[in-house]
Structure formats: C-alpha cells, structure tokens
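Worksheet for the structure shown next.
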Protein chains: 2
Amino acid sequence: MAAQCRIQPGALVSAVTQPTPTFAVGLGDIQQAHERIRDHIVRTPLLESATLNDLFGARILVKAECLQHAGAFKYRGACNRLLQLDEAQRRAGVVAFSSGNHALATSAVARKLGIPASIIMPADAPRAKIEGARANGAEVILYDRQKDDREAIGAEIAGRTGAVIVPPYDDPHIMAGQGTVGLEIVEQADAAGARIDAVIAACSGGGLVAGVALAVKSLQPDVAVYAGEPAGFDELARSLASGQPESNAPGAQSICDALQVVRPGKLTFPVNQHLLAGSLVVSDDDTRRAMKAAYQHLRLVVEPGGAVPLAALLAGRIEARGKTVVLVLSGGNVDPAVYSDALNS
Amino acid sequence: MAAQCRIQPGALVSAVTQPTPTFAVGLGDIQQAHERIRDHIVRTPLLESATLNDLFGARILVKAECLQHAGAFKYRGACNRLLQLDEAQRRAGVVAFSSGNHALATSAVARKLGIPASIIMPADAPRAKIEGARANGAEVILYDRQKDDREAIGAEIAGRTGAVIVPPYDDPHIMAGQGTVGLEIVEQADAAGARIDAVIAACSGGGLVAGVALAVKSLQPDVAVYAGEPAGFDELARSLASGQPESNAPGAQSICDALQVVRPGKLTFPVNQHLLAGSLVVSDDDTRRAMKAAYQHLRLVVEPGGAVPLAALLAGRIEARGKTVVLVLSGGNVDPAVYSDALNS
C-alpha cells in the first residue's frame, strides 16, 4: 500500500471548499484490502425491514456487521493488517490495545493464522469481550482506563518481544480494511436497486466511519456520510464544530463501551473532517431503544456502540423521510445483563 | 404446479426399502417456487462461527432464517401461495390459522400484495406475534388452544367471505416455498466449499423439514436430514418409531410456542417418513442454552422453536465430530421476557 494516496478529486463532496487534502488511505487501498480479505471475512448482508421502512417513511438498509467473524467490523481491519505480515513478523507475534472488539478480532485473526497475540484491554471491558479474547488463545493484559496508558503498555511489550503493534484505528491498513464495509454497501445497495442518500456509522477512533466515507464518497460523491457518537464521548462532533481535535472529559460514562476514546485519531480525523456531513450524538436511552428495535424488527443482537446509528435515526437526529439511509450496525458483543436491560427498558 | 409429482428415484436415501412413494411436492416445484419468490424474500446468509466449529470439532453452518422477512421461514411458503392467487381471489382475501409465524408471514405478504387477511391465532401466542399480525393490517381472531378448532373457524370465515385458506403446512405450495430453504443451503454450502453431511430443521406441522428434505436429498441423496422437536411435542419422533401418525398428549407444555401441533401433517408426514434420518428431541433447558449460544456466538436473535436444531447439537443428539452440519435457525420472534430468561439462565 502506498503510505499516502491522493483521493480522486471527483470523489470529494462538492460542498468541500478546502483544497483537495491528502489522506492516508485512498479508494485503491480499500479495493486492494477487499481483494486480500475477501475469502477470510463474512460478506455481511444488507438487510431491510418493512417495519423500519414504515416507521421512518424511508428505505432503511442495515449493514449487519454484528454478523462478522468475532462479532464486529474490526475483523476486516485486523485481517487486512495481519495478512501483510512477513514470516519473521508472524513468528514474533502481534500486540493490540482495544476496548474489546479490536481485541476479539485481532486475537481471532491471529489464531487463524497461527500468530501469537498479546491483547491489552481495559479491566472494565465487557466480560464477553475479555473471555472471548482469551478463548482465542491471546494473552490478555488488563489495564485501568482512568490511570494507565495503553499505548505505553503496548510499546513496552513490542520493544521487549519484537511483536508488531496492531493499532485499533490509526493505521492505513486498518482503515482500508474497515473501508471494505463501504465498498460492500455500495455493491449491495446497487444490487437491491437502491440509490443511497445517507450512511451512518458509529465513531470511536474513527477508523470505520473514515474508511466507509472514503469508499462510499469515492464511488458516490453525493452520499452524505454521518458519524454516530454517544453523549459524553462526542469528541468528533465537537472537533468538527471547532475545526480541531477536541478531547472528551475524563470520567465520562456511557453504555457504549466500544466508543470510548479520548480524542479523534491522527489519521482518521483529517478524513472525517473533510468527508463527513456531521456527527449525530445520542443518549444511552436512545441507544437502548435502538438495541430493542434491532432485536424486534431485525432479529439481530447489536451491542450498544453498534446500535448508535439506529439510535440516531430513532431519535430524529436526521430527517430520513423519502430517503434511502444505510445504517452500519457494527458489532454484537454484549453482556446478557446489559442486553436484557435494554430489552426490558 | 402438478398436484402430485414423483420424486426422482435416485433422490431417495438408499436405506429406504419401501417402493418409491409419490409425494405432493417434487424438486421441480421447489425450483419453480424459488423462481417465483426470489425477488420477494431475503436470501438469508449461511453463517459460520469459529467458536461453534471448535466446540463441536465440526463445521457448523447456520442458515439464518430468523433474518427472513417477518422473522421466519414462513414468509417463503406464504409468498409462494399468495403470488399464485388470481385477481378475484386477491380481492376476496385470505384466511390463515397459525401459532404465530405463519400469521406474521401471511399478513406481511398479504399487506405487500394488497390482499385482505384474516388470521386465526391462539390466545396464548406471544404478544410479539399477535401485535405483529395486527401491525400488518390483518384482522386477528383469537381462539382457545385447548377448546376451539382453528380449522373450523377458518372454514367458517372462508365459507362466509370467499377468502382463500392458506394452511400453515399441509399445502403443496407452502411446502414447496419452505423447500427453497433447502435449495439455498445446497447452493450456499457449495459456494463455501462445504460438502454437507447432515441438516437439522425444526418440525411442527413438518412443512419446513419436509421441504428441506425434498430439496436437499433430491440434489444430494447422501445427506442425512433430521427433524428437531421439543419434548411434549415430539409427535414426529413417535410417529417415525411406530410407522403411523401419532398425536401429542393434550395439555403438553413447551417454551417452543411455534412447534405445538397435535399430529403430523397429512402431506408432510409421508415425505418425512421416507426421507428423514430421524427426529431429535430436546428439553426446554436444551433450547434455552441454544438461544443463548446463538446470541453469544452468532449474534442472532433466535426464538425457542428456531433454536431447536442447535439445541439438538448442544445436547449431543447426533455426533457431529469431523462432519459438516447445517442448522436451520428458522425464526426469531420472541417476547423479551422469554428471551432474557434464556440469556440469564
């Protein structure tokens, strides 16, 4: 992959007035990633529910990434990264820091490829995610989200063992892998005879929504791509407003365990700043309602972070009437108590 | 559709010693049904979980029919039947009796085609199913499962209004529609490079497992097709043992609301008697464990009846080690309280 690929000028939304920026990843990288990982991933279905269509007076298409291997889109990026390691790197192993889904994905891909994996996870991550990474044979190192620096722990392990660090989002290969979600959305919507007006994908470090925006807007520049964020971790919404990377307040709480970063990614923010139509912020109650709606109308288990795009729609953050809107429901790893609480709230 | 189509002799399992029987439905009918309904249904994915594969030392493929429109395979049969009504029949409407999923499916297809629908449901059916049929615009008539005769109620309505009765399973068009699940399984397993050893599908009236057996065994005679049934409603297992249709005891209870018939179907039993390798019977606890496993490893919401094939595997009813086994998870319409109970049990 070329480290710096210029996106096609025609791929940018016409409203962008800044000069064409240079991003870490371009459409070609995402297409190459798709070729590379195609036989390793689930081509997740683009589902449609008559009930959701009726509810919104719109055509709502759901990219069910909760059906991806290891239960989240993260498998795509990890797969794209690990498949490019050489033999010596594979023997030295990989180290990843993650709030959960990147841990599950990296450990699952590593196991499949026979690569040793060390995974650094917050001690308060869902048990399903911690146990899942251990079940995949990874060495799991827990840290304190408020006190410890996960990147420093990762760097220490990498320095000691020679392991390759697999970052959760600030890596061109990871971003390109996540962008394959966008490629498939365009292909599948086309096959369904749908002309997409908008796409919403959750944002934490921003790798998913950046990758999706790069893919979708390169192919269909008029589509509006939105991030979705939980209140308290709405760093992207505030960063888009101020024009510079803003941090979240320490100690913020959200049921969206997968969407808790401190600040926007270094590689992802420039992409999101230039390509996104905005970031839609939802409350935990909005998210619980969306988890229940996905259960009831789609029969999909969606975790809090993965339900945020549907939450944004249910909360009326954008007007969908008469439009075709694609929601990326990006993960489905959730502890039963949290899930039951959403169903019965 | 020819009312009586002879199945290809080569399609029968070699162990069958009876003369080649004549069934109500053949492979050609199922293929025609697939052509007819293809653009109306979800081609549900055939999913695979590394965790389930590891657990059983097998290749476990999951046909996720809970992702079908209206949340169950029933949409296929209803679609195949209603698409063949003429204009006068469409105006007169349809009447269906159903424990729930056939009600949801028939009302959903009727709504899509602009056909009036009356649906006769047990008063103790899950609220999600009763409300769903009403939300689809159907007139819902509730009856007492222990006292009333739903077929008589249906006949009375049909006699009075001229509506066409859409039976839940004892109808060649319905069976052919459900059989399209089997066609897709064969195509999708082939695309995944899998050689199927066994298929398990839940059995109530038997339309699904009969249709699947007809399709799969016509194309791949060596595949063993099993029914799955809940204890208390194991009429097929007992009928296969005795060689004649047996009834369930009145007052039997099961969490599998969708699998509660009195006796095997008239058209489906001959097919199941000749084509199935057996019927696997599971307890309610087995079923709850399977619902939780589908939640945890597949991120699919599966209702009790839909989880029975996975329950049979988890309970060790067949030995899967080293084999490729396809599980049809046939529905996902379940009240939150029942579902939460399964997740937390």
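Structure notes:
- Considering residues of region B:22-38 that are modelled with pLDDT under 95 and surrounded by fewer than 24 Cβ atoms within 10 Å (Cβ to Cβ) only, the residue nearest to the chain's Cα centre (by Cα): B:Phe23
- The single condition among (1) surrounded by fewer than 19 Cβ atoms within 10 Å (Cβ to Cβ); (2) closer than 24 Å to A:Phe23 by Cα; (3) modelled with pLDDT of 95 or more that A:Leu208 does not meet is (1).
- Selection from region B:105-143 of residues that are assigned to a loop (DSSP other than H, G, I, E, B), within 12 Å of chain A (Cβ to nearest Cβ) and among the small types (Gly, Ala, Ser): B:Gly137
- Residue among B:Glu139, B:Glu156 that is touching a Pro at 6+ places or on another chain (Cβ under 9 Å) and free of Cβ contacts under 8 Å to residues at least 60 places away in the same chain: B:Glu139
- The listed residues are B:Ile30, B:Ile41, B:Ile60, and the only one of them that is on the phi < 0 side of the Ramachandran plot, touching a residue at least 12 places away in the same chain (Cβ under 8 Å) and assigned to a loop (DSSP other than H, G, I, E, B) turns out to be B:Ile41.
- Test: A:Ala78 is more than 12 Å from chain B (Cβ to nearest Cβ) and either farther than 26 Å from A:Glu156 by Cβ or within 21 Å of the chain's Cα centre (by Cα) (or both): yes
- Residue list for region B:323-340, restricted to those being facing chain A (nearest Cβ under 9 Å) and over 16 Å from the mean Cα position of the chain (by Cα): B:Pro336, B:Ala337, B:Tyr339, B:Ser340
- Residues in region B:291-317 that are without any contact (Cβ under 8 Å) to a residue 12 or more places away in the chain and closer than 20 Å to B:Leu276 by Cα: B:Gly316 only.
- Region B:318-338 residues that are under 14 Å from B:Gly228 (Cα atoms) and outside the structural domain of B:His297 (by the TED database), paired with ones that are acidic (Asp, Glu) and assigned to a loop (DSSP other than H, G, I, E, B) (beta carbon under 6 Å, 6 or more apart): none
- B:His297 meets the conditions (1) crowded, with 22+ Cβ neighbours inside 10 Å; (2) out of contact with any strand residue (DSSP E or B) (no Cβ under 8 Å at 6 or more places or on another chain); (3) within 14 Å of another protein chain (Cβ to nearest Cβ) in every case but one. The failed one is (1).
- Within region A:89-121, tally of residues that are within 18 Å of the chain's Cα centre (by Cα) and not hydroxyl-bearing (Ser, Thr, Tyr): 11
- Count of region A:44-57 residues, restricted to those that are in a loop (DSSP other than H, G, I, E, B) and farther than 21 Å from B:Gln188 by Cα, is 2.
- In the set (1) modelled with pLDDT of 95 or more; (2) more than 14 Å from chain A (Cβ to nearest Cβ), the condition left unmet by B:Lys63 is number (2).
- When B:Thr161 is tested against (1) loosely packed, with under 15 Cβ neighbours inside 10 Å; (2) of a type in the set (S, T, N, Q); (3) within 14 Å of chain A (Cβ to nearest Cβ), only condition (3) is not met.
The values are calculated or read from the model by the stated rules, or taken from the named source; none is laboratory data. All of these numbers come straight from a predicted model, not from anything done at the bench. All Cβ positions, glycine included, derive from the backbone under ideal geometry; neighbour counts span all protein chains shown.
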